[in-house]
Structure formats: structure tokens, C-alpha cells
2 protein chains.
Amino acid sequence: MSLLVVGSVAFDAIETPFGSTDKIIGGAATFISLCASYFTKPINLVAVVGGDFPKDKIKMLESHGVNTEGLQIKEDEKSFFWKGKYNNDMNSRDTLITELNVLENFDPIIPESYQDCEYLMLGNLAPQVQRTVIERLKKRPKLIVMDTMNFWMDVALEELMKTLKLVDVVSINDEEARQLSGEYSLVKAARKIHAMGPKYVIIKKGEHGALLFQMNEEDDKIYYAPALPLEEVFDPTGAGDTFAAGFIGYMAQQGTIDFATMSKAVIKGSAMASFCVEKFGTERLENLSSKEIAQRERKFADLIGTVFV
Amino acid sequence: MSLLVVGSVAFDAIETPFGSTDKIIGGAATFISLCASYFTKPINLVAVVGGDFPKDKIKMLESHGVNTEGLQIKEDEKSFFWKGKYNNDMNSRDTLITELNVLENFDPIIPESYQDCEYLMLGNLAPQVQRTVIERLKKRPKLIVMDTMNFWMDVALEELMKTLKLVDVVSINDEEARQLSGEYSLVKAARKIHAMGPKYVIIKKGEHGALLFQMNEEDDKIYYAPALPLEEVFDPTGAGDTFAAGFIGYMAQQGTIDFATMSKAVIKGSAMASFCVEKFGTERLENLSSKEIAQRERKFADLIGTVFV
């Protein structure tokens, strides 16, 4: 089924203990649309880049079935740029440079041809921009998934709360869940975040996997997806985005919205994230085969002794 | 099948953000023999206490099918005592008092009636004492599982390495695995620890679950058991011991030694640990019903979408 993806399409420069890159392509919507393309088509991208963004990378996305009609190209401006450095444990990072550039005044225009989209993935972006996308859709999608980060909790909490009210699923990491809820226990945190709007709460724990919560008055449901234990994590950039991509991509592929399907979807997300961290940027993700993906999903099934994939 | 358990039988005093206790019973072998009794019988205990250890608690263990012939009672001495304080996140703790008392010169005497034991659980204890137990058994048990901790890595590394060579399974936490191996990646850590002797390596990650590794040249096997997401962790003391108890108890119950059985055993261990942390000390563990245990295991099965339990 059709999927609308909004988020940044941008440049990253990354330093890790294993090496560093010059400007390479990154951004939430880049990772999400690329990875979701392995599960569903069409993918309708809404984003903005400057004239400096490489045309061949736009072509690369298109070759994966990503519709770029909603990708605004501001020829005279520069693309969003983030430079960061990962610490030795790869679990924490410092931002060295953030240049908003075209993102500063991003007005997410939805092409008419996107209006029938059934699934909506709001990649990490200013919450007011995420909300504008929802408001500009004439028909509410069947499922709206939102990713966000602590930065917006610090600088735009009120806007974030307004947007949270409108989404079905929110995907955040454990520290962000604790910050947003004021609760240390992730079960309590999920319950409070559920009360803010989303029916489903996904809490990502990096190398410790991810938890999917469906909180009801009568019956809490919790599903746990492990992360694949890896010998090397080469570059974690984009792991959260590719997780979201596998999740929403599989949901759109299946067309059914329930806890069981979402449980499988978090495994698909974890599998995509496990590819992402093996190389810098999008390198590992541009040419995945369906056989590779199936093998990786099999590893997850073995890891938890399950039979569903 | 018969299980021999060696370790401390002792007093603990615990401070947590939720409350504190006076001296209550604790110790690795107390937690292990009590919890393993829900899976297998007989359990043959080898340990030492002072005259101050409450006789009714020894009776309590016996009522669970624990054979205390190998429990030495030094009437004129005092039992081992540990006092600790958990920090607000419950993931770290400070030791306030350690009184070795009877443990200082513990000579683990194996009663003749224990000599046919088929499973051996070496609870956390000085590694030379753990090794003495192995050496005093006339026939090697079918499976030897060893728990240890960072303290022994700091003060008795050489002894620890000698004992490690003799065991089939070692169970340690993530920071200890990193310390012992010098590797940050737990996959690499497990590989190095395997090379020190144990065919199977269990790495406990507290609230993030536990990993079981079987490292072969040709084919690594990894199984992941989540921890149950809890609203409250009341007292983590004994969680690692009860995890080991569920593991070895189930292995002894099943009588089969292979990766599949061990995978189920780590879930059993995780289930027992999830009970342990709900109350202070052994309180939650003294009167578990088989229905409660089955319901708890069902929660783990739901959590990972598996069908085996």
C-alpha cells in the first residue's frame, strides 16, 4: 500500500573510532524511504534539499521506487548538514556541526498525487512541520507513525505534545521516553506517553533492542524485539530511521493494523537497522537483496526461538 | 536429576530507594537451591553458616527438597554478611559492609551421598573453592555451571582462569564479560571467554535480558532471553542467582544437554529472576505455585512471540 514519508534529506559527516567520512547523504527521510522500498511501493517522499544535493542520489532513490515529486529542490540554497562524532562505546555521540540551511523554512507541500496515501511516516523533524503534513492530507491515513528526538523535547515541547495527539505510533529511544514521561521504568513511561495520544509506543534501546507497547486499561500488551548481537558496529547513524522504515514498510505491505502485525514489523525494523550499522551512511542499504533480508530475519528468528518469519 | 549447589548461605541487609531491611537471609546458594527446587529434586547443598543462621530458614530449605547434609554449621562463628545500597536507577549498587566470617576458611566438604550428583552449580564464591568442589567429586557431573563476579577478576584472576577451564557454562554480567575479555562487543567477549574453557557463555544484561552463546569455529549460536519489562524493581539482590537457579534447575529436570534445551533454560532463569526482584530477599520465592510460574513463563513467551513454553 502507498506510503508517504516526510523528513530530512540531507548531508552527514561522521566520525567513529573506525574512521570518518566527508559529506555523505543521510537524513531521516533518505534512510526511511530507501529501506521501506524493500517492503512496499509506491513511496511518496516529501522533503527539501538544496542545489548541492547530488542528482544521482535522487535517481538512486527513484530507482528504488521512491516518488520524488514532493522533493523540493531549492537550487540556490544548501541542504541540511549534520556532523557528529561517536564515542568509543558507540552508544553516545556529540554533534559537531548543525547547519539547518533549507530546513529552516521548510514548508512541506503535498503533491495532489500523494493525497490517497494510506500510511504516513513522520521522520524526525520539527513537530510543527510533522503536524502540518497531517493537516494537509485531505483523508487521514490508516496509520500514522512518528519518530522524534530529545532535541524537540528541549526546544518545542508544546508543539511536540500537539503532534503526539494526532499519531497512532510514536517511536523514540529509552532516554527520550524517560525525558518525555518523567518515569524511569519503561513500562510506566510507555503508559504515560500512551496517555499523550499514541495508541502504540515503541521504545528503542539501541544494542538492547526495542519494545512495542499497546497500553489498554484492561490488558497491556508488550512485545520485545532484540537487536542482533554484532561483532562490530561501524556507524550507528540512521539506525533509528531504518528501524522505523522496516516497521512502517512492513505495516504498509501487510495492510493490517493490529498488535501481532506490529510485533513482526518491529523485527523487520530491527533487521533493517542491523544492516544500516554495518557501513557508513546508506552504503549497506542501497543494494540489499531479498535473499539477504530473509537471511537476516532468519537470524532474528533463531535468536528468540520464534517461528513466525 | 540430582543437582549439587555450592555457594554462600548468608545474611544480607539491603537499602533501596523503596525501603531497607535488617539482616535477612540471602547468599548465592540460598537463592539457587530454593529456586532450583521448583524444577528438580534432590538438591544437595554444600555451604557453611555460623550459629547465628536461623534454624527455621534451614527447615524452609529442607521443606523445598533441599538436602542440607552438606551445610556446615559452625556454632561458634558468624555467618557471612553483606550490606549494600542500590542507587536510584537500581542498576548500580555500593557495598557498605562485607563480613566474610565463616566464609574466610570455607572448606567445602562433599558428603558421600552427594557423590552421584549429575549437575553441579557453582554459585558465586572464591574460584579456588569452586574448583575444590569439582576436584572432590569422584565422577565429573554431566554439566558444570559457574557463576562468578568482577571481585574475583580483581583479586583472584589466576585462580578464576584455572576454574574456568573446568566448567561447561559460565554465567556473568555484561560489564564482567567486558572486564574478563577486554572486548566491548559482547559477541567478541563471548568468543574470548569460550576460549578460556567454557563451551557455553551466558552474559546477563540485567533489565536488558541475557544472551546465551555457543561458540564454534564453524557456526556460532546465539540465543536471546529478554527480561520482563517491569513497572517496579523492588530489590535486585539475588536476581543473578535465581537466574542461574532457573537455568540449572531446568537443565537438571530435562536431562538433555544441548543448545535448544539451554535456550529454554535461560527463559526459565529469566522468569525466576523476575519473581526475585519483586520483593526483598527470598520473600517472593519461598511460596511460588506451579501455576504462578507457568503464567510468568507465558508472559515471556508472549513477549517474544514464541511458542515453545
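The values are calculated or read from the model by the stated rules, or taken from the named source; none is laboratory data. Keep in mind that what you see is a predicted model, and the values were worked out from it rather than measured. When we count neighbours, we look across all protein chains shown, and the Cβ atoms used for this are built from the backbone with ideal geometry, even at glycine. Ligands, DNA and RNA are stripped out before the accessible areas are found, and what is left, the full protein with its side chains, is counted by its heavy atoms. Shrake-Rupley method; radii C 1.70, N 1.55, O 1.52, S 1.80 Å.
For (1) open to solvent by 80 Å² or more (accessible area, probe 1.4 Å); (2) within 14 Å of another protein chain (Cβ to nearest Cβ); (3) within 24 Å of A:Gly246 (Cα to Cα); (4) at pLDDT 95 or above, each residue gets a yes or a no:
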{"position": "A:Ile73", "(1), (2), (3), (4)": "no, no, no, yes"}
{"position": "A:Lys78", "(1), (2), (3), (4)": "yes, no, no, yes"}
{"position": "A:Phe81", "(1), (2), (3), (4)": "no, no, no, yes"}
{"position": "A:Met90", "(1), (2), (3), (4)": "no, yes, yes, no"}
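Filter the range A:193-236 down to the residues that are at pLDDT 95 or above and closer than 17 Å to A:Arg284 by Cβ and list them by number.
The answer is none; no residue qualifies.
Suppose we filter the range B:175-186 for residues that are within 15 Å of A:Glu232 (Cβ to Cβ), outside any helix (DSSP H, G or I) and either away from every other protein chain (no Cβ under 13 Å) or not polar (S, T, N, Q) (or both); how many remain?
2
Restricted to the range B:253-291, and to residues that are among the polar types (S, T, N, Q) and within 23 Å of B:Asn216 (Cβ to Cβ), which residue is nearest to the other protein chains (Cβ to nearest Cβ)?
So the residue we want is B:Ser263.
For the range A:92-108, give me the residue count where each residue is touching a residue at least 40 places away in the same chain (Cβ under 8 Å) and within 14 Å of chain B (Cβ to nearest Cβ).
Selection size over the range A:92-108: 0.
Exactly one of these conditions fails for B:Ala294: (1) open to solvent by 20 Å² or more (accessible area, probe 1.4 Å); (2) more than 14 Å from chain A (Cβ to nearest Cβ); (3) in contact with a helix residue (DSSP H, G or I) (Cβ under 9 Å, 6 or more places away or on another chain); (4) small (Gly, Ala, Ser). Give me its number.
Result: B:Ala294 passes all but (3).
Can you give me the number of residues within the range B:187-235 that are in a loop (DSSP other than H, G, I, E, B), at the interface with chain A (Cβ under 8 Å from one of its Cβ atoms) and basic (Lys, Arg)?
Qualifying residue count, the range B:187-235: 1.
Among the residues in the range A:150-172, are any among the small types (Gly, Ala, Ser), open to solvent by less than 30 Å² (accessible area, probe 1.4 Å) and within 26 Å of A:Ser263 (Cα to Cα)? Please lay out each step first, then the result.
First, the residues of the range A:150-172 that are among the small types (Gly, Ala, Ser): A:156, A:171.
Then keep just the ones that are open to solvent by less than 30 Å² (accessible area, probe 1.4 Å); that gives A:156, A:171.
Narrowing the set further to residues that are within 26 Å of A:Ser263 (Cα to Cα) leaves A:171.
Yes, the conditions are met somewhere in the range A:150-172.
May I ask you to list the residues in the range A:182-205 that are crowded, with 21+ Cβ neighbours inside 10 Å and not hydrophobic (A, V, I, L, M, F, W, C)?
Restricting attention to the range A:182-205, the residues satisfying the condition of being crowded, with 21+ Cβ neighbours inside 10 Å are A:186, A:189-190, A:193, A:198, A:200-204.
Once the filter is applied, which keeps residues that are crowded, with 21+ Cβ neighbours inside 10 Å and not hydrophobic (A, V, I, L, M, F, W, C), the range A:182-205 yields A:Pro198, A:Tyr200, A:Lys204.
Being on the phi > 0 side of the Ramachandran plot and surrounded by 16 or more Cβ atoms within 10 Å (Cβ to Cβ) is the requirement here; does A:Gly255 meet it? Steps first, please.
Working: on the phi > 0 side of the Ramachandran plot: yes; surrounded by 16 or more Cβ atoms within 10 Å (Cβ to Cβ): no.
So A:Gly255 does not fit the description; no.
Taking interchain pairs and intrachain pairs at least six residues apart, which have beta carbon atoms under 8 angstrom, with the first residue in the range B:42-53 and closer than 17 Å to B:Asn105 by Cα and open to solvent by less than 10 Å² (accessible area, probe 1.4 Å) and the second in a loop (DSSP other than H, G, I, E, B) and of a type in the set (Asp, Glu)?
B:Gly50/B:Glu75; B:Gly50/B:Asp76; B:Gly50/B:Glu77
For the structure I just gave you, tell me whether A:Glu118 is closer than 27 Å to A:Phe234 by Cβ, open to solvent by less than 80 Å² (accessible area, probe 1.4 Å) and charged (D, E, K, R). Give the derivation first.
Values: closer than 27 Å to A:Phe234 by Cβ: no; open to solvent by less than 80 Å² (accessible area, probe 1.4 Å): yes; charged (D, E, K, R): yes.
Taking the combined requirement at face value, the residue does not satisfy it.
Within the range B:245-273, which residues are charged (D, E, K, R) and within 13 Å of the chain's Cα centre (by Cα)? Full working, then the answer.
Taking the range B:245-273 and keeping what is charged (D, E, K, R), we get B:258, B:264, B:268.
Scanning the range B:245-273 gives a single hit, B:Lys268.
Across the range B:79-130, what is the number of residues that are touching a Phe, Trp or Tyr at 6+ places or on another chain (Cβ under 6 Å) and of a type outside the set (A, V, I, L, M, F, W, C)?
Residues that pass the stated criteria total 6.
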